[in-house]
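Data block below; observations after.
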Amino acid sequence: MGLLSLLFSNPVLFVVLAVLLLYSIIAHEVAHGWVALLFGDDTAKRSGRLTLDPAPHFDPLGALMLFLVGFGWARPVPVDYARLSHSRLGLFCVSLAGCAANILIAMAGIFFLKLENVHSHSLLVTALPILVRINIILGAFNLIPIPPLDGSKILMSFLPKDAQLSFARFEPFGFPLLIVLLFTGLLNPLIAFMQDLIYTLVVLMFSGFK
């Protein structure tokens with residue numbers, strides 16, 4: 001049953017991964033809020049969501065999905081897109097910020113794995129590859145252009161205003177469609193493609209590191 005099996009086979013590893021992965025999805029949401037603030041929207045700040053305290057971010061279902069299937073979510077950070085300066089660029093950057101946070105965490109994991117003294121710690125050697133893999137999956141999954149995923153808003157940032165409005169009307173149906181596509185496996189090839197793309201990008205950025 002995914003990472004939950006570690007709870008019984010290796011509880012220490014499970015706790016370490018639980019902390020690292022929960023903060024991975026929290027960092028994803030906080031990144032949206034910080035970039036929104038940079039573009040003039042302080043909604044997340046006023047809502048007390050620009051914090052690494054897990055309490056205001058915790059979503060029980062999202063956390064459970066993280067350990068069951070390898071990707072999950074925290075409570076979405078509120079963003080008032082109408083308040084963003086440079087609306088198209090703001091929408092694009094705010095939407096991309098969460099995925100970028102997961103990619104940076106994956107890069108940090110690879111960086112630490114390349115340090116020689118890390119290999120004397122068996123717990124880290126086991127935990128870090130899982131951290132890298134799941135953050136790449138989180139980044140890849142969220143880039144899919146189906147509401148409410150970040151990829152849908154990234155796509156909207158390139159659309160004309162009329163097309164944005166039409167696409168926004170599809171949003172109430174996006175989550176049920178996403179669930180159906182996930183449980184039927186129809187999204188698996190797209191997730192795998194995005195995952196390979198991100199992984200290749202991350203590895204190339206570290207190819208010169210010794």
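Scanning region 78-91 for residues being surrounded by 19 or more Cβ atoms within 10 Å (Cβ to Cβ) and farther than 20 Å from His57 by Cα gives a total of 3. Taking region 103-148 as the range and being part of a loop (DSSP other than H, G, I, E, B) and under 30 Å from Gln164 (Cβ atoms) as the test, the residues that pass are Leu143, Ile144, Pro145, Ile146, Pro147, Pro148. Close Cβ contacts (under 6 Å, 6 or more residues apart or on different chains) running from residues in region 63-85 that are farther than 14 Å from Lys153 by Cα to residues that are part of a loop (DSSP other than H, G, I, E, B) and modelled with pLDDT under 85 comprise Ala63/Gly72; Met65/Gly72; Leu66/Gly72. Within region 151-210, the set of residues being in a loop (DSSP other than H, G, I, E, B) and farther than 24 Å from Asn102 by Cα comprises Leu159, Pro160, Arg169, Phe170. Could you tell me whether Arg75 is assigned to a loop (DSSP other than H, G, I, E, B), of a type in the set (Lys, Arg) and buried (at least 16 other Cβ atoms within 10 Å of the Cβ)? Answer is no for this residue. Go through the residues of region 51-70 one by one and say whether even a single one is part of a loop (DSSP other than H, G, I, E, B) and either over 25 Å from Ala18 (Cβ atoms) or β-branched (Val, Ile, Thr) (or both). Among the residues of region 51-70, at least one is part of a loop (DSSP other than H, G, I, E, B) and either over 25 Å from Ala18 (Cβ atoms) or β-branched (Val, Ile, Thr) (or both), which makes the answer yes. Checking each residue in region 19-33 for being under 11 Å from Asp53 (Cα atoms), among the β-branched types (Val, Ile, Thr) and in contact (Cβ under 8 Å) with a residue 60 or more places away in the chain picks out only Val30.
Gly139 - would you say it is in contact with a Cys (Cβ under 6 Å, 6 or more places away or on another chain), free of Cβ contacts under 8 Å to residues at least 60 places away in the same chain and not basic (Lys, Arg)? Criteria met by Gly139.
Determine if region 94-104 includes at least one residue that is of a type in the set (A, V, I, L, M, F, W, C), out of contact with any Phe, Trp or Tyr (no Cβ under 6 Å at 6 or more places or on another chain) and at pLDDT below 90. No, that holds for no residue. For region 29-67, which residues satisfy the criterion of being among the hydroxyl-bearing types (Ser, Thr, Tyr) and over 16 Å from Leu84 (Cα atoms)? Ser47, Thr51, listed by residue number. Restricting to region 78-93, name every residue that is more than 21 Å from Leu197 (Cα to Cα) and either in a helix (DSSP H, G or I) or within 17 Å of the chain's Cα centre (by Cα) (or both). Passing the criteria: Pro78, Val79, Tyr81, Ala82, Arg83, Ser87, Arg88, Leu89, Gly90, Leu91. Residue-level analysis places Gly40 among those that are in contact with a Leu (Cβ under 7 Å, 6 or more places away or on another chain), of a type outside the set (A, V, I, L, M) and not in a helix (DSSP H, G or I).
The values are calculated or read from the model by the stated rules, or taken from the named source; none is laboratory data. Computed from a prediction, not measured in an experiment: that's the story for all the values here. All Cβ positions, even for glycine, are placed from backbone atoms using ideal geometry, and neighbour counts span all protein chains on display.
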